[in-house]
Each structure stands twice: as C-alpha cells, then as structure tokens.
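First up is the structure itself, then whatever we jot down about it.
The values are calculated or read from the model by the stated rules, or taken from the named source; none is laboratory data. From a predicted model like this one, the values you see are computed outputs, not experimental measurements. Every residue, glycine as well, gets a Cβ built from its backbone with ideal geometry; the counts of neighbours run over all protein chains shown. Accessible surface is based on the protein model in full, side chains and every heavy atom, while ligands, DNA and RNA are left aside. Shrake-Rupley method; radii C 1.70, N 1.55, O 1.52, S 1.80 Å.
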Amino acid sequence: GESVGLHLPTLSVQEGDNSIINCAYSNSASDYFIWYKQESGKGPQFIIDIRSNMDKRQGQRVTVLLNKTVKHLSLQIAATQPGDSAVYFCAVNNAGNMLTFGGGTRLMVKP
Amino acid sequence: EPEVTQTPSHQVTQMGQEVILRCVPISNHLYFYWYRQILGQKVEFLVSFYNNEISEKSEIFDDQFSVERPDGSNFTLKIRSTKLEDSAMYFCASRLLGLAGAADTQYFGPGTRLTVL
C-alpha cells in the first residue's frame, strides 16, 4: 500500500515570505497528487493537483512540484499571507481512487 | 460554487448507540467517500461508493459501519454500535467520475464531529 509522510509538522514564516511544504510518498505507481488546506474546524479544501505526467503546475500564488525519481512532492506558496495559516496535507491517489493523506504541516504566518 | 454539505455538524452519543451521519454530495458527482480524522491525526479513508455499491473499503470500515444512498441526493454513514474510539471528525467527499476512469479531484464537506461518551 501507499504511505505518505510529512517532513515538518510545523512551519513558521514571516508574512510576505515564500513557504515551502514538503511531502514524500512510497508507491512509484501513484499517478495523481493533491494538496489540501484545512482550517480549524473545517474540511480539507482543494488547493492544487498534479498528475504524474507533469513535474510542475502553477496556480494563483501556489506551485506544486513533483519529483517522481525520489517520490517527493512540494507545495510552494508565494508571498505568504495571514489567511494562509492552516494545516496543509498532501494526498496521493491510489488504485480505487481513494486518497492516502500525509500527516500534515501546520503553517503559521507571523505578521 | 457547488459544495458538499454534511449534517449534523456535531453529534454526541452514548457508547453502544447507533448514529447516522448525513451528506449531500455535489449534484453531478458520481463517486462518494467517507473519511475520518481522529483529533490531531491524519485523515483516513473509510469507504468509497459508486453506482449504488461499495467500491473500496479500509480495514477501519468493519461490520459496524454501513453506507447508503437512500435517494438521489443523500449519502449516509451509519455506525451501528458506537465505541469510544469512533470519536472523530467524519468527512464526506465526492468527485466527478473522470474520463476513462482517470482520477480527479475529491471535494470534501465541512465534517461532522462525532463524540462518543
């Protein structure tokens, strides 16, 4: 089965700086990866996704990088804002289309 | 923007009681899921449901759990005899079935917090 690990449980950044959140996965056959943001008391909110035929995808202020060689995924947030404070989860889509979630990284933005 | 909704937001029950958690998936979505998140832990897959039957289930989803789509809009999770360790946030998710079965995004509801006393 798939296991998804987190690299850092907490990340503290200054407002305006860039944030990088990392994730590792174990199954080289995994083909679809998603980053979710979870604010306190709410459900996971989709941020950005990437398929295994790509190594980079950009959204509004967010970029996801996929390195299939080392089975590593990262989320970059540009010009981090206080509203970005949340727990960020990477999730890997497995056969049967169920998601395996990582442990999450709590992003704290200092004003 | 369409969204997944869940009721109730918080359910308190006594150990051994039955609970039913309700979800209304996004209207044109075809694949439905339940996940749970014990406080401070990862989100864990419980079950997926497609074409009126269970598609996949995890080891957590034992005989005490069942799912149903009783009508065209609701998707429910029933826990027959709750245990203390069932206390968690339960999230419903849905997705539009991708072309040729390709994976696509699962959208999550706000969750139901289940507290078993």
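What the table below lists for this structure:
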| read-out | value |
| --- | --- |
| Failed condition for B:Glu59, given (1) in a loop (DSSP other than H, G, I, E, B); (2) closer than 16 Å to B:Thr115 by Cβ; (3) open to solvent by 70 Å² or more (accessible area, probe 1.4 Å) | (2) |
| Count of the range B:8-45 residues which are within 9 Å of another protein chain (Cβ to nearest Cβ) and assigned to a strand (DSSP E or B) | 7 |
| Subset of the range B:33-69 (residues that are closer than 25 Å to A:Gln38 by Cβ and free of Cβ contacts under 8 Å to residues at least 12 places away in the same chain) | B:Gly40, B:Gln41, B:Lys42, B:Glu56, B:Lys57, B:Glu59 |
| Positions within the range A:90-111 being among the hydrophobic types (A, V, I, L, M, F, W, C), over 18 Å from A:Lys56 (Cα atoms) and within 14 Å of another protein chain (Cβ to nearest Cβ), in sequence order | A:Ala95, A:Met98, A:Leu99, A:Phe101 |
| Residue check, A:Ile20 among the aliphatic types (A, V, I, L, M), in contact with a strand residue (DSSP E or B) (Cβ under 8 Å, 6 or more places away or on another chain), in a strand (DSSP E or B) and open to solvent by 50 Å² or more (accessible area, probe 1.4 Å) | yes |
| Of residues in the range A:40-49 being at the interface with chain B (Cβ under 10 Å from one of its Cβ atoms) and over 12 Å from the mean Cα position of the chain (by Cα), the one modelled with the highest pLDDT | A:Gly43 |
| Residue within the range B:70-87 that is within 14 Å of chain A (Cβ to nearest Cβ) and free of Cβ contacts under 8 Å to residues at least 12 places away in the same chain present | no |
